[in-house]
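Asks: One structure, as structure tokens, below. Some questions next.
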Amino acid sequence: MSDPDPQIVAATELRVRIDTTKPHSARFWNYFIGGKDNYEVDREIGDQIKEIAPGLVDVARTSRHFLGRVVRYLAVDEGIRQFLDIGTGLPTADNTHQVAQRFAPDARIVYVDNDPLVLTHARALLTSTPEGQTSYLDAGLYDPDAILKAAADTLDLSQPVALMILNTLGHVADNHQARGLVSRILGALPPGSYLVISDGTATSENMIAASDSYNSSGAVPYYVRSVEEIGGFFDGLDVVEPGIVPVTKWRPDSGGSAGTDIAVDAYGGVGRKLS
């Protein structure tokens with residue numbers, strides 16, 4: 001009797017890890033941006049939250065546009081050729097590698113996520129231009145050493161890297177701990193590297209209520225921070241203009257993305273590591 005196919009075994013193990021009885025942030029977000037990789041439980045809490053904070057749909061969609069503008073800026077204007085994208089989420093249009101390699105075919109991208117449904121879609125993320133490289137790590141933000149060790153198989157960590165953590169840090173409740181995790185990863189990257197962060201913010205009562213509703217659903221909690229707390233992640237960095245701003249206001253003319261006139265409860269920024 002032949003040994004079982006390792007790919008089939010791995011796929012079975014991943015399916016066992018997927019919990020369809022509780023909402024999940026990656027699937028919930030996928031529903032908000034019009035994707036199909038979600039379950040009824042995700043759509044139910046999504047519809048409830050739309051009633052509380054209909055603007056959260058705009059946060060999801062404009063955050064995706066923010067990603068596109070930032071990656072284009074880094075690849076075209078700053079010559080960045082390496083991207084470490086932590087908290088990948090489910091693939092949709094214009095993922096980091098697609099934007100980067102559109103302008104820099106030799107770009108190398110490492111995606112990091114520990115959600116089993118995201119991992120089952122990794123094959124879609126692993127496509128790359130012949131000149132570049134794209135890989136996926138099954139890892140979490142809480143283990144920066146494992147991320148750095150595995151990322152070094154694809155990225156040259158002696159050369160500048162864009163560390164991207166979008167709509168992910170809210171899973172770390174303690175702000176001090178969150179800053180420590182970001183600092184640990186960024187500290188291992190050389191001068192000339194960039195930090196990119198965006199996240200939902202506690203800038204309206206509706207957004208705070210939406211966060212509370214989501215956290216009471218049984219899902220892994222997600223906490224919204226103040227704008228000042230988001231800005232704190234960039235301490236010691238050279239923050240790129242226009243600073244820490246609503247995601248719709250970050251270089252809105254770069255890339256021609258729609259929705260830049262919408263007010264959203266989500267802030268982001270880009271900072272360069274000087275030393």
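Asks: So, in the stretch 193-227, how many residues would count as being assigned to a loop (DSSP other than H, G, I, E, B) and either under 20 Å from the mean Cα position of the chain (by Cα) or crowded, with 23+ Cβ neighbours inside 10 Å (or both)?
Replies: Looking only at the stretch 193-227, we keep the residues that are assigned to a loop (DSSP other than H, G, I, E, B), and these are 193, 202-204, 216-224, 226.
Add one more test, that the residue is either under 20 Å from the mean Cα position of the chain (by Cα) or crowded, with 23+ Cβ neighbours inside 10 Å (or both), and what stays is 193, 202, 219-224, 226.
Within the stretch 193-227, residues that are assigned to a loop (DSSP other than H, G, I, E, B) and either under 20 Å from the mean Cα position of the chain (by Cα) or crowded, with 23+ Cβ neighbours inside 10 Å (or both) number 9.
Asks: Another question, then. State which residue is surrounded by the fewest Cβ atoms within 10 Å (Cβ to Cβ) when the search covers only the stretch 237-249 and only residues that are out of contact with any Phe, Trp or Tyr (no Cβ under 6 Å at 6 or more places or on another chain), in contact (Cβ under 8 Å) with a residue 24 or more places away in the chain and closer than 19 Å to TYR194 by Cβ.
Replies: ASP238
Asks: Sticking with this structure for a sec: When the residues of the stretch 174-192 are narrowed to those that are in contact with a strand residue (DSSP E or B) (Cβ under 9 Å, 6 or more places away or on another chain) and surrounded by fewer than 16 Cβ atoms within 10 Å (Cβ to Cβ), which ends up nearest to VAL240 (Cα to Cα)?
Replies: Here the residue is GLY192.
Asks: Let me ask another. Out of the helices (runs of 4 or more DSSP H) lying entirely within the stretch 21-115, which hold 3 or more residues that are aliphatic (A, V, I, L, M) and buried (at least 19 other Cβ atoms within 10 Å of the Cβ)?
Replies: Working: elements: 25-32, 40-52, 55-72, 96-103.
Qualifying helices (runs of 4 or more DSSP H): 40-52, 55-72.
Asks: I've got another one for you. Here are some conditions: (1) within 27 Å of ILE18 (Cβ to Cβ); (2) out of contact with any Leu (no Cβ under 6 Å at 6 or more places or on another chain). ALA150 meets all but one. Which one does it not meet?
Replies: Exception for ALA150: condition (2).
Asks: Can THR134 be described as modelled with pLDDT under 90, within 19 Å of the chain's Cα centre (by Cα), more than 25 Å from ILE52 (Cα to Cα) and surrounded by 15 or more Cβ atoms within 10 Å (Cβ to Cβ)? Write out each step before concluding.
Replies: Details: modelled with pLDDT under 90: no; within 19 Å of the chain's Cα centre (by Cα): yes; more than 25 Å from ILE52 (Cα to Cα): yes; surrounded by 15 or more Cβ atoms within 10 Å (Cβ to Cβ): yes.
Considered against the rule, which asks whether it is modelled with pLDDT under 90, within 19 Å of the chain's Cα centre (by Cα), more than 25 Å from ILE52 (Cα to Cα) and surrounded by 15 or more Cβ atoms within 10 Å (Cβ to Cβ), THR134 comes out as no.
Asks: Can you name every residue in the stretch 121-144 that is in contact with a strand residue (DSSP E or B) (Cβ under 9 Å, 6 or more places away or on another chain), part of a loop (DSSP other than H, G, I, E, B) and more than 13 Å from GLN101 (Cβ to Cβ)?
Replies: ALA139, GLY140, LEU141
Asks: Name every residue in the stretch 70-92 that is at negative phi and within 14 Å of the chain's Cα centre (by Cα), in order of residue number.
Replies: We begin by selecting, within the stretch 70-92, every residue at negative phi; these are 70-78, 80-86, 88, 90-92.
Within the stretch 70-92, VAL70, VAL71, PHE83, LEU84, ASP85, ILE86, THR88, LEU90, PRO91, THR92 qualify.
The values are calculated or read from the model by the stated rules, or taken from the named source; none is laboratory data. In this text the structure is predicted, and so the values were computed from the model without any measurement. Reconstructed Cβ throughout: ideal geometry from the backbone, glycine too, with neighbour counts over all protein chains shown.
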